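Chemist: Supplied in structure tokens, the structure appears directly below.
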Amino acid sequence: MTLLDGLLALLLLLLAGRCVTAASLLQAIVAFIVLGLLLALSWVRLEAPDLALAEAAIGAGLLGVLLLGTWRRLPAGSGEQETPWPWQGSAQAIAALGCVALAVVLALALHETTLGPAAAGTAALAQLEAAGVDQPVTAVLLNFRAYDTLLEMGVLLMTLIGTLMLRRPLQDGALAAPATPLPQSLARLFLPPILLSGLYLVWAGAYSPGGAFQGGAVLAGAGVMLALTGLLRGSTRDDLPLRCLLVLGAALFTLSGVLLIPLTGHFMAYPDDLVTPLMVLIEFSLAISIALSLMMLFTGTPGLCRTRP
Amino acid sequence: MIVLVLDVACLVLILLLGLGLIRVIAGPAAADRILAIQLSGTTTVGLLLLLAIRLEQPALIHAALVFVLFAALLALGFVYGTEHER
């Protein structure tokens, strides 16, 4: 296993270097996706299966598709200039030296740090009974540190709004018309298993690694597949029901936090007998909002519509 | 015994992953690189499944499942992009 870890670290370094020194954008994107695969394996070796799952779904999977989609829409030839490596100029040399110095200092700091008792983690594990879910990570995300997760939902919404304002939306027909019926049949065949896996991952978050973010990313993947094969396309029309679904997660999270104040006396505290159904409800609404936000980041439009055959 | 077999299998797979990187880095065509991603993805799935047994963490099977799903998506995302061949 030590040998495996060593090889993993070596390959990671190689690919990370390749990401920043690749001659063309596509090469960098490919290196980045494979780096995501190896990162997921590293999280597994670091005993963080939750992070491995998140990296698989968001880092390597969805981000890879997003990057490939962006690359595809760039005019041919942009980002292709050959750059000599490594000593192109003094600026790069200074930056590289700075990075090496920072790495040495960080390694020294890490070496000198003595681990104290993990007080917060121990307290959280001791209170797991009251959290309403069996999985410690989900308990921390949705209950003990619910405020953080709520603000993360806000960040995701702000990102989407910013993207919609800045990005030129894909107009109808901007996607290349499929020359064969194969991808569409593939998408129709693949859609049910992907949706099922996404919903299962959200549900599994209650007792094993998984949850709203990972499941939501898989659901978004299903939407991206529909958009890629032209079964679903972005529409420039505003869509009120869609917007309601986009804010559903954050709204429900906040509402359940506020409305239960008379019962519990604290913001975002949940009464004991309601906590499990509430957690599941919040988890699923968060997953729906996350999936739609991620998907609309891909299409870059304020609305979505079905393509009539 | 079974632990040793699993360890050796993991090692072989990571070595194959490393070999697959030759196509990721050398190319030469874009399609070679995308196929190399698919190869690395399949190898990673195999590694995850082996590690799930080796480390007794059944949750890793979830991660393997997610990789399988997204590997198909990555191929789709690329296929719809070959109108300007690079």
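The values are calculated or read from the model by the stated rules, or taken from the named source; none is laboratory data. Bear in mind that the values here come from a model prediction, so they are computed numbers and not experimental data. When we count neighbours, we look across all protein chains shown, and the Cβ atoms used for this are built from the backbone with ideal geometry, even at glycine. SASA here: full protein model, heavy atoms, side chains in, ligands and nucleic acids out. Shrake-Rupley method; radii C 1.70, N 1.55, O 1.52, S 1.80 Å.
Chemist: I need the helices of chain A that pass two filters: whole DSSP H segments spanning 24 Å or more by Cα along the axis, and mean Kyte-Doolittle score no lower than -0.5.
Modeler: Details: long enough: A:2-21 (29 Å, 1.90); A:25-45 (30 Å, 2.20); A:90-112 (33 Å, 1.81); A:146-166 (30 Å, 1.50); A:182-204 (33 Å, 1.24); A:240-259 (25 Å, 1.96); A:275-299 (36 Å, 2.03).
Helices meeting the criterion: A:2-21, A:25-45, A:90-112, A:146-166, A:182-204, A:240-259, A:275-299.
Chemist: Going by average Cβ neighbours within 10 Å, how do the peptides A:101-109, A:152-160 rank, with the highest at the top? Intermediate results must be reported in sequence, preceding the final value.
Modeler: Numbers: A:101-109: 9.9, A:152-160: 15.4.
With the highest mean Cβ count within 10 Å placed first, the list reads A:152-160, A:101-109.
Chemist: Same structure again: At A:THR2 and A:ALA130, where each label point lies 7 Å from the Cα along Cα→Cβ, what is the point-to-point distance in nanometres?
Modeler: Here the answer is 4.4 nm between the modelled labels.
Chemist: Which order, highest average first, do B:68-75, A:4-11, A:115-122 follow once you tally other Cβ atoms within 10 Å for each residue and take the mean per peptide? Please list the in-between numbers first.
Modeler: On the way: B:68-75: 21.5, A:4-11: 16.0, A:115-122: 8.5.
Peptide ranking by packing, descending: B:68-75, A:4-11, A:115-122.
Chemist: How far, in nm, would the chain grow between A:LEU196 and A:ARG145 when pulled straight, counting 0.36 nm per residue and subtracting the alpha carbon separation? It would help to have the intermediate numbers written out before the result.
Modeler: On the way: separation 51, 0.36 × 51 = 18.36 nm, distance 2.83 nm.
Length gained between A:LEU196 and A:ARG145: 15.5 nm.
Chemist: Ok, one more. What value, in deg cm²/dmol to 500, does the helix sum -39500 (n - 2.57) over DSSP H runs of n ≥ 4 give at 222 nm once divided by the residues of the protein assembly as shown?
Modeler: On the way: 16 runs with 273 residues, N = 395.
Value at 222 nm, helices only: -23000 deg cm²/dmol.
Chemist: Additional query: If you count, for every residue in A:33-45, the Cβ atoms of partner chains within 10 Å of its Cβ, what is the mean? Present the calculation step by step, with values, prior to reporting the outcome.
Modeler: Working: counts 10, 12, 2, 6, 11, 7, 0, 8, 11, 0, 1, 10, 2.
Taking the mean over all residues of the peptide, I get 6.
Chemist: Also, quick follow-up: Let me check something: with ligands and nucleic acids excluded, how do A:TYR200, A:TYR207 order by accessible area (1.4 Å probe), largest to smallest?
Modeler: A:TYR207, A:TYR200
Chemist: Suppose R0 equals 30 Å; then what is the FRET efficiency for A:GLU47 and A:PHE267 from their Cβ-Cβ distance, rounded to the nearest 0.05? Working shown, then result.
Modeler: Numbers: r = 33 Å, r/R0 = 1.11.
Calculated value: 0.35.
Chemist: Give me the distance in nm between label points sitting 7 Å out from Cα along the Cα-to-Cβ direction at B:ILE2 and A:GLU152, one decimal.
Modeler: Placing both labels 7 Å beyond Cα along the Cβ direction yields 3.5 nm.
Chemist: Taking amide H positions as placed in the peptide plane 1.01 Å from N, state which residues far from A:SER235 in sequence (5 or more) or on other chains have amide H under 5 Å from it.
Modeler: HN-HN under 5 Å from A:SER235: A:GLY303, A:LEU304, A:CYS305.
Chemist: Please give the net charge around A:ILE290, taking every other residue with its beta carbon less than 12 angstrom from that of A:ILE290, where Lys and Arg add +1 and Asp and Glu add -1. Write down the numbers at each step before the final one.
Modeler: Details: positive: none; negative: A:GLU152, A:GLU283.
Residues near A:ILE290 contribute -2 overall.
Chemist: Name the long-range amide H neighbours of A:THR229: under 5 Å, sequence gap of 5 or more, or other chain; modelled H, no Pro or chain starts.
Modeler: When sequence neighbours closer than 5 places are left aside, there are no close amide H contacts.
Chemist: Another question about this same structure. Quick one: go through the range A:110-141 and flag any residue whose amide nitrogen is under 15 Å from the point 7 Å out along the Cα-to-Cβ line of A:LEU274.
Modeler: Under 15 Å, as judged by backbone N against the label point of A:LEU274, lie A:132 of the range A:110-141.
Chemist: Karplus couplings for the range B:63-74 from phi (6.51 cos²θ - 1.76 cosθ + 1.60, θ = phi - 60°), rounded to Hz, Gly and Pro as x?
Modeler: Karplus values, whole Hz, x for Gly and Pro: 4, 4, 4, 4, 4, 4, 4, 6, 4, 5, 5, 4.
Chemist: With no solvent and one equal point scatterer per Cα, compute the Debye intensity ratio I(q)/I(0) for the protein assembly as shown at 0.08 Å⁻¹ and report its log10, rounded to two decimals.
Modeler: Values, matching the q order: -0.48.
Chemist: Could I ask something else about it? Note the full-extension length gain between A:LEU164 and A:GLN184 as 0.36 nm times their separation in residues minus their Cα-Cα distance, in nm to one decimal. Before the final figure, lay out the partial values.
Modeler: Working: separation 20, 0.36 × 20 = 7.20 nm, distance 2.70 nm.
Difference between extended and current length: 4.5 nm.
Chemist: Across peptide B:16-29, how many C-beta atoms of other chains are within 10 Å of each residue C-beta, on average?
Modeler: Details: counts 0, 7, 6, 0, 1, 7, 0, 1, 10, 8, 1, 5, 0, 0.
Per-residue shielding by partner chains comes out at 3.
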